[in-house]
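The values are calculated or read from the model by the stated rules, or taken from the named source; none is laboratory data. Quick caveat, the model's predicted, so the values are computed rather than measured. Quick reminder, even Gly has a Cβ in these numbers, built from the backbone with ideal geometry, and neighbours come from all protein chains shown.
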């Protein structure tokens, strides 16, 4: 049993400066420890079973003599109850650390999710859209809320103001919130249903997007006007005009054309191979190049030190508005992406080419899984003929002898 000593007063304790360990009385085992550097702190010595223990109670004078004695009495009561105060303190600290680890806000979880998955995003624009929509709509409502506290009412408060006005944005935002909350659930940061889940939850609270959002197609140039448009386009100067012409001849997307590199083009094979990372479907795509497309490429200058086929005036690739600007200057009531629709309409209405050849030329994903499993090739040879005929149709004002492809095939 600890030896009881004379109980010292606060004034006496305050005047103690010599390095050493001094029992202050009042509680058995309580002492003031003074280091060689002059630092003073409280120490409680006690025994638990056969173990001798020393428990720090804080520094003096921040912890007064009275406070040190009170803390020492509570520790002694724990010892009498068979509890080691040091182990108890360690357990509480561990529990607190675990609780704090779970105290992640929705914003922190969203940022962690984006950081973990950004490598799988299609491009920088996709990453920017993820961050922008959450920052604009979700963070003001739940950004500083613990992710475990996000409930259905919060998700509805985020979505309802834009569900009817910006339906497509709201639809994507809902999916992003759902993924962030699923990530948090997987990290044991929350439990229970995901309040952003559509099936069985939000579908009972909000009307389906398809019921309130009209599908708007990209404005496309009518096929009878295409030859005249191309004749005017071919007379226009500038890299943007050549990129737009190449887009029409290949039925490719604007981003694919603007990002085209010389290393992707094989003049010998007459193929332009677009790598998977630049494709919407995330799969490599081979574009059959018609003689007209090959001729266009051969007429371009390869800028030293720049691998882009269509180089911006200051170097690098063209901006995402470069092709649209060309169409606006020409007064066309259409957008670059609309030429893909024009190509698809031409293939269906003016030719006998199989629809799957046109779909492959557009790099569309095959919706039917069984059909996709059995379709191994990409019909490249058939597509080469099709793209040559498409170019002939586009440039028919330069060749008045061009007749309908369907008519030509019917005569064969």
Residue under question is residue 141, and the condition is that it be more than 17 Å from residue 105 (Cβ to Cβ) and surrounded by fewer than 20 Cβ atoms within 10 Å (Cβ to Cβ); does it hold? no
Any residue at all in segment 35-48 that's over 30 Å from residue 189 (Cβ atoms), outside the structural domain of residue 189 (by TED's automatic domain parsing) and modelled with pLDDT under 85? yes
Looking at 219, 208, which is the one that is in contact (Cβ under 8 Å) with a residue 40 or more places away in the chain and either assigned by TED's automatic domain parsing to the domain that holds residue 286 or surrounded by fewer than 18 Cβ atoms within 10 Å (Cβ to Cβ) (or both)? 219
Yes/no for residue 224 being under 19 Å from residue 328 (Cβ atoms), loosely packed, with under 14 Cβ neighbours inside 10 Å and at pLDDT below 95: no
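Does residue 237 satisfy the criteria of being within 20 Å of residue 320 (Cα to Cα), surrounded by fewer than 14 Cβ atoms within 10 Å (Cβ to Cβ) and assigned by TED's automatic domain parsing to the domain that holds residue 293? Explain how you work it out, then say what you get.
Numbers: within 20 Å of residue 320 (Cα to Cα): yes; surrounded by fewer than 14 Cβ atoms within 10 Å (Cβ to Cβ): yes; assigned by TED's automatic domain parsing to the domain that holds residue 293: yes.
Considered against the rule, which asks whether it is within 20 Å of residue 320 (Cα to Cα), surrounded by fewer than 14 Cβ atoms within 10 Å (Cβ to Cβ) and assigned by TED's automatic domain parsing to the domain that holds residue 293, residue 237 comes out as yes.
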Restricting to segment 29-65, what's the tally of residues that are surrounded by 17 or more Cβ atoms within 10 Å (Cβ to Cβ), within 15 Å of residue 76 (Cβ to Cβ) and over 55 Å from the mean Cα position of the chain (by Cα)? 4
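Quick test for you: out of 256, 284, pick the one residue that is in contact with a strand residue (DSSP E or B) (Cβ under 7 Å, 6 or more places away or on another chain), surrounded by fewer than 16 Cβ atoms within 10 Å (Cβ to Cβ) and under 25 Å from residue 126 (Cα atoms). Write out each step before concluding.
Details: 256 fails: surrounded by fewer than 16 Cβ atoms within 10 Å (Cβ to Cβ).
Matching residue, one of 256, 284: 284.
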